[in-house]
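Below is one structure; the comments refer to it alone.
The values are calculated or read from the model by the stated rules, or taken from the named source; none is laboratory data. In this text the structure is predicted, and so the values were computed from the model without any measurement. Positions of Cβ are backbone-derived with ideal geometry, glycine not excepted, and every protein chain shown enters the neighbour counts. Each accessible area value is taken on the protein alone, full model and side chains, heavy atoms only, with ligands, DNA and RNA left out. Shrake-Rupley method; radii C 1.70, N 1.55, O 1.52, S 1.80 Å.
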Amino acid sequence: MVGLFLSGCGNLTVLDPQGPVAEQQSDLIMLSIWFMIFIVLVVFVLLTVMIVKYRDRGNNDNYDPSIEGSHKLEFVWTIIPIIIVTILSVPTVITIYNLEEAPEVAEGSVQVDPLVIHATSVNWKWIFSYPEENIETVNYVNIPVDRPVQFKLTSADSMASFWVPQLGGQKYSMSGMETELFLMANEPGTYNGRNANFTGEGFTEQRFLVNAVTDESYDSWVEEVQAEAPPLSEEEYAHLMVPGHAEEMTFSSTHLEFVNHAYDPTYALEKSAELGYEPLNPHSREGKAYEMPKLTQPIDTSRTYKVELDDE
Amino acid sequence: MRWDEFIVTGDPLILGAQISIALSSIIAIVALTYFKKWKVLWTDWITSVDHKKIGIMYIACALLMLFRGGVDAMMMRLQLTAPGMTFLNSQHYNEIFTTHGTIMIIFMAMPFLIGLMNVVVPLQIGARDVAFPFLNNLSFWTFFFGMALFNISFIIGGSPAAGWTSYFPLASNDFSPGVGQNFYALGLQLSGIGTLATGINFIVTIFKMRTKGMTLMKMPMFTWTVLITSMIIVLAFPVLTVALAMMTFDRLFGSAFFTLQGQGLDMLWANLFWIWGHPEVYIVILPAFGIFSEIISTFARKKLFGYNAMVASVVIISFLSFLVWVHHFFTMGNSAAVNSFFSITTMAISIPTGVKIFNWLFTLHKGKIRITVPMLWSLGFIPNFVIGGVTGVMLAMAAADYQYHNTYFLVSHFHYVLIAGTVFACFAGLVYWYPKMFGHRLNEKIGKWVFWIFMIGFNICFFPQYFLGLDGMPRRIYTYLESDNWFSLNAISTVGAFMMAIGFALFVYNIYYSWRYEKRDTTGDPWDGRTLEWATSSAIPPFYNFAKVPEVSERDALWDMKEKGIDPNADTNYQKIHMPSNTWLGPVMSLMMFIASFALVFSWFPLAIIGGIGIFICMIIRSFDYNDGYYVSVEEITEIENKAREA
């Protein structure tokens, strides 16, 4: 049973880490799983013994209704859980502190400064800004392998949660605030990332891809984007603030030049209102007629978001 | 407002519900009129201050809500069975999981347990009624109308869709336009008033109305857990009241406590919600612990093992329950020190809980265990709850929680504790005290089928979800891709969910079957019980509970009397009994609150003011009400008691 249980674990995303952050978490999870299996087995065995042995079949010679308790036994099952909790607390606290630091790069290589990427959640897309490289992507993010990445998370509107299970656990992105999350990939590959905190109608599709590539291909990608991708204008950016989905997009400048949502929580509301978007009751006629926009590159900046009703 | 924004249209499922609600209402009204039951309904139930009848009404509502919340669950599971299902769209799915969560916690679990408390606690402590019978009636009706208000949202105006936690800014007008969230805020507010009043009522009842000889440390375990639960209610619910009021202001009057504009703090909502919400979890689990303690001890035919430790652990759990709320947002970017603190306090809850588990196991030791249906539920609770508990410890480890947070691992964990803990306890308690309420047992054979189908279905439904969580499936998504590889586990889970539905249907059938065919209980003590509720006759014991209030000298009071050969009903030297009068004010005042709240949902302020004036008029009438009850004559007591003995 236990073997069967653990043989299945290898394929599970969270227990198949591709970077040092996820690896620490997966180790911690496996440690706790062993302890928990032990506890569950003890209880299951004891329960089975009690029911089999003391079931009333008319021959309960050992029936003893006078028992009220036993300080010795109760001491045992108070102290053992205390010990287990202590044993689990130590690695937990160590890991909590570790995750606040940039992960160590593999032995032998030089520790490099983390790459800073601002990840901004907007209903219902993800916008990634590379301030050093001065490029911006939507709904996908390219990172170099074996280099720590420091994500600075914020939200333009609803509270979302940035999660790439194979690279590490999630953190919330909130408007008017900034949270930080270190991730790192050890192997080149494409990993699924998503918003894990419910943000309304388009939440399910609020996904993105993380492409971990070698240093060289990362550098050449950056150069290519800087040379070829269009810059992001404020007018275009406003269209991303309207609730809806977007295709993957690439720009050769970042929105940080004109807004940082960590300091301006109402920006998205104002911009989408300027474009004629208004939140609609999903049960009203307008709400039913409204179609969630899907933005493609280049953004059609003449577009507004008024709803037209068929029958009026 | 146009009519098509008032009545929800355009969805065949909701249209079906609207038609069936209209039809069943008509049938109920016609039947009540035809059988001339209106008067009985009014005098025996609606205006009743009898704690047992109020308890039964609570349980009836809870079962109804279990049905509705269960239908929501079935629809969600059906939608998630396979990738790309189109049974529900995103908006509809969001509404359904929001109402499922809210209903199951606020309108199913809590009222079910409050119903059992109402039926049992005054009987267990040898009291004639609760301390404030009028308030008890008012509590029920505010709960009832709060429930009604929340439930009509899906046919009138549209359901809330921001999750049962209603995190801001999602729950603000900017992202949840329409009236759904207003229904949430006002429905919960209204029923919360009732819950708070119940908490106060039971604290006073248990402290002041115990029968002679029942010291605190001689109280039955269930009464102890109710006392501690009531204290948690009184400490936690005011926070919810304030938070919901702030939410209402944000939505109706444009204040900006939690919204994006005006420096609103979305985190403030999350904190307030969980400062109430985490203790709330213990409000629905501690009475369950009490129920299991009673049942396990009764059917093992032994005293509860380590009574003092059991009491201590309940007290410690209630204390810790206020120190752990931050574990609901470990991923909110707290400092490492904060997360470490809340990690450890959360894990610490497992210590007193573990003590209780082992005490229950050793209550069985050297016992004579009878496997009845209530006992089956209680024994089934132990292994299932332990699985939920240990995964709770895993979730408490903040660094690991970053990976489980908001995933199906979490969904599975809390269903393991809430279903194996609370729902099993509700079923166990209902079956156990059923003869006290209705004068006959539920059929044991059908009951065992119900247990096995439900329990196995429950595991088939939720165990795979741990693996889905570890495989990266977030909660609250309405569909997934084929490439996610979540199909097989989801399909298994759906099968389990439908088994649970079959189990529930069979349970309801059992109520009907047993009402028709089960033998009536004449003893008042069908299980050979240990506590005082079994010392009086059954089938809604006489409204005054005990003709002669029993005196207590030992912990398991009735068991002790049986051992000493004392018949608590032998003394027929009755004296007149003082009882409270029925009230029409409770239901009417609650109706006024309902009218005011309903008007506020739609921002119909003149009507809201009229409702508000109605509430005040009721309060004024109440404050000039000098009717302080009546006496039951000795002749009447003798007659009632003789009839109970003969039956």
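The set of residues from segment B:166-197 being away from chain A (no Cβ under 14 Å), within 24 Å of A:Gly287 (Cα to Cα) and hydroxyl-bearing (Ser, Thr, Tyr) comprises just one member, B:Tyr184.
The numbered conditions (1) of a type in the set (A, V, I, L, M); (2) under 30 Å from B:Ile369 (Cβ atoms); (3) within 13 Å of chain A (Cβ to nearest Cβ); (4) open to solvent by 10 Å² or more (accessible area, probe 1.4 Å) are all true for B:Val338 except (2). Residues that are more than 26 Å from B:Val338 (Cα to Cα), assigned to a helix (DSSP H, G or I) and more than 7 Å from chain A (Cβ to nearest Cβ) do occur in segment B:383-400.
Exactly one residue among B:Ile200, B:Ile206 is open to solvent by 30 Å² or more (accessible area, probe 1.4 Å) and away from chain A (no Cβ under 14 Å), and that residue is B:Ile200. Please list, ordered by first then second residue, the pairs with beta carbon atoms under 8 Å, 6 or more apart or interchain, first in segment B:20-31 and touching a residue at least 24 places away in the same chain (Cβ under 8 Å), second surrounded by 10 or more Cβ atoms within 10 Å (Cβ to Cβ). Correct list of pairs: B:Ile21/B:Ile155. Scanning segment A:165-178 for residues that are assigned to a loop (DSSP other than H, G, I, E, B), within 10 Å of another protein chain (Cβ to nearest Cβ), in contact (Cβ under 8 Å) with a residue 60 or more places away in the chain and not hydroxyl-bearing (Ser, Thr, Tyr) turns up A:Pro165, A:Gln166, A:Gly176, A:Met177, A:Glu178. Using the structure shown, decide if A:Tyr63 is open to solvent by 40 Å² or more (accessible area, probe 1.4 Å), at the interface with chain B (Cβ under 8 Å from one of its Cβ atoms), touching a Lys or Arg at 6+ places or on another chain (Cβ under 6 Å) and not in a strand (DSSP E or B). When the stated conditions are applied, A:Tyr63 passes them.
Scanning segment B:76-97 for residues that are open to solvent by 30 Å² or more (accessible area, probe 1.4 Å) and over 16 Å from B:Gln465 (Cα atoms) returns B:Gly84, B:Met85, B:Thr86, B:Phe87, B:Asn89, B:Gln91. Every listed requirement among (1) free of Cβ contacts under 8 Å to residues at least 60 places away in the same chain; (2) hydrophobic (A, V, I, L, M, F, W, C); (3) closer than 25 Å to B:Ser20 by Cα is met by B:Leu216 save one, (3). The set of residues from segment A:179-206 being more than 9 Å from every other protein chain (Cβ to nearest Cβ) and surrounded by fewer than 17 Cβ atoms within 10 Å (Cβ to Cβ) comprises A:Glu187, A:Pro188, A:Gly189, A:Thr190.
When restricted to residues that are aliphatic (A, V, I, L, M), farther than 18 Å from A:Pro17 by Cβ and in a strand (DSSP E or B), segment A:142-164 contains 2.
Restricting B:Thr241, B:Thr215 to those that are surrounded by fewer than 20 Cβ atoms within 10 Å (Cβ to Cβ) and under 25 Å from B:Ile595 (Cα atoms) reduces the list to B:Thr241.
For B:Leu235, the conditions (1) farther than 21 Å from B:Thr142 by Cβ; (2) open to solvent by 40 Å² or more (accessible area, probe 1.4 Å) are fulfilled apart from (1).
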